[in-house]
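All remarks here apply to the structure that follows.
A short reminder: the numbers here are calculations on the coordinates, not readings from a lab. The structure displayed is predicted, hence computed values, not measured ones. A quick note on method: Cβ atoms are made from the backbone with ideal geometry, for glycine too, and the neighbour counts reach across all protein chains shown.
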Amino acid sequence: MRRLLLLALFAACSVAAVSAQTASPYPALTIPLSIAQVPGKSVWYSTGNPGIPGRDNEGNTSNAGYVITSEGVVVFDALGTPSLGWALLQDIRKRTGKKVRYVIASHYHADHIYGLQAFKDHSDAVIVAQERSGEYKDNEPTADEKANQRLDQRRAALSPWVDANTRVVPPDITFKERMTITLGETRLTLIYAGPAHSSSDIMMMVEPDGVLFAGDIVQNGRIPFMNSEDVSTTQWLRALDEVAKLDPKFIIPGHGKTSTEAKQAIAFTRDYIQYVRNMMSTAVQSWIDFDVAYERADWSNYRDVPAFASNNRGNAYRIYLELEQSQFKADKP
Ligand SMILES: [Zn+2]
């Protein structure tokens, strides 16, 4: 009996010790991250759920990842809640004792940056973003997502994981076109690819591994969100050409599945953008109202794709406006 009691006591103590070591300073997740390694490379990534952020997926809808070099770790994106960012940081610490040197933000949208808080408060990482991420505010006319408005929405939709303590962490350093980070044998090139999906889109090419973190420029098997003033599908298509030119061996998109084939990975996003552009351009050229054009268009190929209901109509509207504007410009003498 006494031995049993001692055993129980010992078990309780060791559980307490373990949980003290990994206790989350943020509301606990019930669904663990889904982490995988790029075959044969020191690169790991977390795959999010394809839907929109909600309690069912605990806000885990985007992809993120990290590269372990001989001189430290570089993280690309921080996921959509501080709890998720913390979980990513714990995953890194489980694999290496090396310091997290940098966290790169693919762009400033809630589903990729709320996890920055965990890195800011619990590591010495330097947060890097493109300079237009500074427009991520409420009163900035060019902001493609109103920061406080979005935070309020997420506090409601993602309670308890996004709460009164959740804050937007700005970058420590920014760059304009390109930035290279060399750590040991690893060269990381940050490439500005916007304004395409947002004003501050960047991609990160990892060499010599040939791994590309593409951010939301590439979204595999999910209707991308395009309904903001800063979306330029013309520039987005150009950015996809850039991805093809980089010819990566492995692509980790901002949302959806990874791919070992650049062509295949960019096809989904490109085909979708092209399709919506084609549908809307006929309408714009024939002076057909947006509502009518939208009703007439055949969406059957995309209706069952995740995030169709929440994103497609707004995307079509944004593209309609973009095409209308470019026609107006072309018409001017
Ligand atoms: Zn996103």
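When Tyr192, Tyr45, Tyr108 are ordered from fewest to most other Cβ atoms inside 10 Å of their Cβ, what list results? Each step should come with its number before you reach the end.
Working: Tyr192 19, Tyr45 24, Tyr108 27.
The order, fewest Cβ neighbours first, is Tyr192, Tyr45, Tyr108.
Could you work out how far helix 308-331 tilts from the main Cα principal axis of the chain, as a 0 to 90 degree angle to the nearest 10?
Orientation of helix 308-331: about 40 degrees from the principal axis.
Measure off 7 Å from each Cα along the Cα-to-Cβ vector at Asn57 and Arg167, then give the distance between these two points in nanometres to one decimal.
2.8 nm
Ignoring everything except DSSP H segments at least 4 long, calculate the 222 nm mean residue ellipticity for the chain; use -39,500 (n - 2.57) per segment, divide by total residues, nearest 500.
Numbers: 9 runs with 126 residues, N = 333.
Result for the chain, helices only: -12000 deg cm²/dmol.
Given R₀ = 30 Å, what would the calculated FRET efficiency be for Asn148 paired with Glu295, taking r from the Cβ atoms and rounding to 0.05? List each step's numbers first, then the result.
Details: r = 35 Å, r/R0 = 1.15.
About 0.30, to the nearest 0.05.
Filter the cross-link list Lys120/Lys263; Lys98/Lys263; Lys146/Lys257 down to pairs whose alpha-carbon distance in this structure exceeds 31 Å.
Working: Lys120/Lys263 36 Å; Lys98/Lys263 35 Å; Lys146/Lys257 28 Å.
Beyond 31 Å: Lys120/Lys263; Lys98/Lys263.
Could you put Val103, Val75, Val206, Val43 in order, starting from the residue whose Cβ has the fewest other Cβ atoms within 10 Å? Walk me through the numbers on the way to the answer.
Working: Val103 31, Val75 28, Val206 25, Val43 22.
Final ranking by Cβ density, sparse to dense: Val43, Val206, Val75, Val103.
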